[in-house]
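Everything below concerns the one structure shown next.
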Amino acid sequence: MGDQPPVLEMRGITKRFPTGTLANDAIDLEVRPGEIHALLGENGAGKSTLMNILYGLVTPDAGEIRIDGQPVTIHDPADAIARGIGMVHQHFMLIPVLAVAENVVLGQEIVRPGGILDLGEAAARINLLAKKLGFDIDPSSKIEELSVGQQQRVEILKAIYRNARILVLDEPTAVLTPQETREIFEVLRRLRAEGASIIFISHKLDEVLEIADRITVIRRGKVVGSRRPAETNANDLAELMVGRAVSLRVDRGRSHPGASMLEVTGLRAKNDRGQDALQGIDLSVRAGEIVGIAGVAGNGQEELVEALIGLRKPTGGTIRLGGHDLTSASVDRRRDRGMAFVPADRHKYGLVLTYPLDDNLALTRYGDPPFAGGFAGIIRNFRAIAENAIRLMKEFDIRAPDPKVPAGTLSGGNQQKVVVAREFRHDLKLLVLDQPTRGLDVGSIEFIHKQVIGRRDGGAAVLLISAELDEVLDLSDRVLVMFRGRIVGTFPAEEAQREKVGLLMATGGARA
Amino acid sequence: MSRLRQAARRIWRVASIPLLAIVLAFIVAAFVIVISSVFTSTGLDVFLPLGAYGSLLAGAFGSGTGIVNTLVAAAPLILGGLAVGLGFKAGLFNIGVAGQFLVGAFAAAVVGARLADSPTVLAAPAAMVAGALGGAAFGFIPGFLKARTGAHEVVTTIMLNNAAVLLLTWAVNDLVRAPGFSFPRTGEIGNSALPVLLPRNLHLGIPLAVLFVFAVRWLLDRTTIGFEIRTVGQNPNAARYAGMRPVFVTTLTMTLSGLLAGIAGAIQMLGVIGFYAPGITASVGFDSIAVALLGRSDPIGILFAAILFGAFRAGAPLMQIETSVPIEIIDIIQALVILFLAADLIVRRVFRVRSTKPVISELATVARTWAGGTPPGGAT
């Protein structure tokens, strides 16, 4: 396999953006047939730019692309598709109201004489392809009815249907549950066995080590190393990626829990479809303690955090914070009582992407002094808003040209830092963290974890929900396992072994 | 020096597309004028557009009367444009300005006639307040329905426009009909009429409308209420998460929008029309939507857009008299402006504009609300 000529060569690819950023600096990349090639790098390292150049979305300033040894120019995605390049973007390019088959054939419809769309023929081909890749999918089901993992498979199908031989996946696992990740890896292995080449963009070290045949590491627009999984390890890769030694395990230190801060008893709530998502949750978090909730996604975690912060009305039970009953209090009132919340979906809840950074950094306290005052307390104080922004940007190392740029122009990692910086206020009583490091690179994860521990040691109660079991186990002083809307187990940190917790997550224990 | 240039660049970035859309509309309308000249007695006249546009300009700005006429026509459009623009800021499409305008005009006319013999300092403000409250009440209804039940404001306001026309016709006929006239109308407003500041009817409503431009700008930019309105418009989920109440903000925004539309009706009533009779024109309501779009919901932009539309109305008669180009060409120009705003890609291609802002968000609101969005309140 190793001595076959490369199917794709990119040589000396250089791209400087009008803003002056050198996104790609003479990057070389070689991909062989039947190879899973991982492109590893921090957020903003230039991985996506390189792949957008390959897919014809960005024109490079210099460099050469060869496919099967032939130099090619790729003007636009249609060019790329014609040359056998397929791309699965992080945010799917599917039309939710159309069926799977309609999405897959879009732009390459099979037409019978008279201009009539032949979806039956398309469905048959899709079934065949899916079987080959080892999964089942109903071509007539609508995209909006599918899970995220299934939608991703439709995207892969779409590329393969267009005869892609080089498949680019941009952070494919960022949106998946661990189970779905395992399934997609199986699909990728099958594709590799069929002779396809796969470029796998990621910043998750363990995944890259598991799936890739070769790993190319990019830092600040340059290739800083290339490794085979067998000759490297996570620490080595992290150091290459970040440019300094990174501690992958958190030094949690000793916790000194104080009085009970959050008391939840018998909490019940329904999900958006009206089903009972929370079936009587009892939990408590003490001041100066991190309590982690482990569980497979969709077991009520989302509803629990929404009920806690006041975005979802409980149908039963009580929520008390520091002795105050907040069960039916407004979001505003809960915040006044010292609650803060880092939501899982920063685009949905955490940020207003069109707003400048400084407004976003004051978003959840916009009406409180010093951000507002004067007549009836409704006059916004722009000076305080700007000062707050400058201070937080420095403190949390948010990389942006100035506090007036729209939040939407920042990289995902920096956007997450904006949310974290805002919510980690100093007068914090309870911090609810829902997937606080999703989509972040190792450097940012390390930073945020340190901040979380710092707030705990400052006396805050922290409730952590994460789909990354390792994150829960690393950070938590106490681990709860959630299963079908109930807490089915509690482990002190020293007894929370991966296997034990994982088993309970999967089965729910005796009650399952 | 460089600061000046920076400011100019910033203005160009937001105003380039609207300005170029206007230029392009005039160019395309010129072809329409030339082609239509073929069918007149004078025959094909390729220079007719120049003459027509010259007369239009002269009619709108060429004399003191022209300028005053332009401003008088612009005043209700400024307020109506602000009403629609404020709705856009909260992600709401208020098509009901026409109805709110009529209710405001009616309320001002009734109270004005009642106080016709009181001193002006008392009568005019009281009639104005009545108009404002009438419009606000008529804006509150769709706002409350939207916030509480999710009833779409596009649908409810269109229906309420019809409801307003019919309801007010009944009221004028059966409730407040003034005696001594051959047709149903309200009584003389007498002392309630807005004071005329300069000859040829430059009435108090004009500076008042300009004042509201800055008041709305202040509200949106400087206050937490404006911040709430904009946040609900940009991202209702984030608004809820930040502790805002979209239900309240939606109701409030529609009420304020109706209030502005009601004031538009009141100044038109107390400054120009003088009495309410069935069939008074409510074209202000629909022109306001165009003004808000052209002004990109920005109060200052709306001010300029309203003056432009006012100039069209004021200058068109002279154009028709001098060049026989019918007044209706104004409607074509206005329609083309909106068309090119909506299809801004055409403007970009023709003038090779490279702008950083690819989508005009107000149009996105229009498109989204037409397609039937979800209520901003969501699950509460």
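The rows are residues; the columns are (1) open to solvent by 10 Å² or more (accessible area, probe 1.4 Å); (2) at pLDDT below 95; (3) touching a Phe, Trp or Tyr at 6+ places or on another chain (Cβ under 6 Å).
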| position | (1), (2), (3) |
| --- | --- |
| B:125 | yes, no, no |
| B:128 | yes, no, no |
| B:139 | no, no, no |
| B:142 | no, no, no |
| B:147 | yes, yes, no |
| B:151 | yes, yes, no |
| B:175 | yes, yes, no |
| B:181 | yes, yes, no |
Residue A:411 more than 13 Å from every other protein chain (Cβ to nearest Cβ) and open to solvent by 30 Å² or more (accessible area, probe 1.4 Å): yes
Among the residues of segment A:284-294, is there at least one that is in the same structural domain as residue A:466 (by TED's automatic domain parsing) and free of Cβ contacts under 8 Å to residues at least 24 places away in the same chain? no
Given the structure, is residue B:224 more than 24 Å from residue B:285 (Cβ to Cβ) and either among the β-branched types (Val, Ile, Thr) or open to solvent by 10 Å² or more (accessible area, probe 1.4 Å) (or both)? yes
Residue B:108 - would you say it is hydrophobic (A, V, I, L, M, F, W, C), buried (at least 23 other Cβ atoms within 10 Å of the Cβ) and under 18 Å from residue B:83 (Cβ atoms)? yes
Looking for something open to solvent by 50 Å² or more (accessible area, probe 1.4 Å), closer than 24 Å to residue A:194 by Cβ and touching a Pro at 6+ places or on another chain (Cβ under 7 Å) - is there at least one such residue anywhere in segment A:138-154? no
Among A:313, A:404, A:348, which is the only one that is open to solvent by 10 Å² or more (accessible area, probe 1.4 Å), charged (D, E, K, R) and touching a Phe, Trp or Tyr at 6+ places or on another chain (Cβ under 9 Å)? A:348
Taking the condition of being assigned to a strand (DSSP E or B) and among the small types (Gly, Ala, Ser), how many residues in segment A:51-99 meet it? 4
In segment B:228-242, which residue that is under 26 Å from the mean Cα position of the chain (by Cα) and within 7 Å of another protein chain (Cβ to nearest Cβ) is least open to solvent (accessible area, probe 1.4 Å)? B:231
Checking residue B:275 against (1) assigned to a helix (DSSP H, G or I); (2) more than 11 Å from chain A (Cβ to nearest Cβ): exactly one of these is not met. Which one? (1)
Matching option when the condition is more than 24 Å from residue A:135 (Cβ to Cβ) and over 24 Å from the mean Cα position of the chain (by Cα), among A:247, A:226: A:226
Here is a list: A:422, A:438, A:399. Which entry is buried (at least 16 other Cβ atoms within 10 Å of the Cβ), part of a loop (DSSP other than H, G, I, E, B) and charged (D, E, K, R)? A:438
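Whether any residue in segment A:229-248 is closer than 30 Å to residue A:157 by Cα and either at pLDDT 85 or above or in contact with a Phe, Trp or Tyr (Cβ under 8 Å, 6 or more places away or on another chain) (or both) is what I want to check. Show your work before the answer.
First pass over segment A:229-248, keeping only residues closer than 30 Å to residue A:157 by Cα: A:229.
Next cut, either at pLDDT 85 or above or in contact with a Phe, Trp or Tyr (Cβ under 8 Å, 6 or more places away or on another chain) (or both) only: A:229.
Yes: one or more hits.
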Of the residues in segment A:362-379, those that are more than 24 Å from residue A:312 (Cα to Cα), open to solvent by less than 20 Å² (accessible area, probe 1.4 Å) and more than 7 Å from chain B (Cβ to nearest Cβ) come to A:371
Taking first residues from segment A:309-334 that are within 14 Å of chain B (Cβ to nearest Cβ) and without any contact (Cβ under 8 Å) to a residue 12 or more places away in the chain and second residues anywhere that are open to solvent by 80 Å² or more (accessible area, probe 1.4 Å) and among the acidic types (Asp, Glu), the pairs with Cβ under 6 Å that are 6 or more apart or on different chains are none
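The values are calculated or read from the model by the stated rules, or taken from the named source; none is laboratory data. Remember, predicted model here, so these are calculated numbers, not experimental data. Virtual Cβ from ideal backbone geometry, glycine too; neighbours counted across all protein chains shown. Note: areas computed on protein heavy atoms with side chains; ligands, DNA, RNA excluded. Shrake-Rupley method; radii C 1.70, N 1.55, O 1.52, S 1.80 Å.
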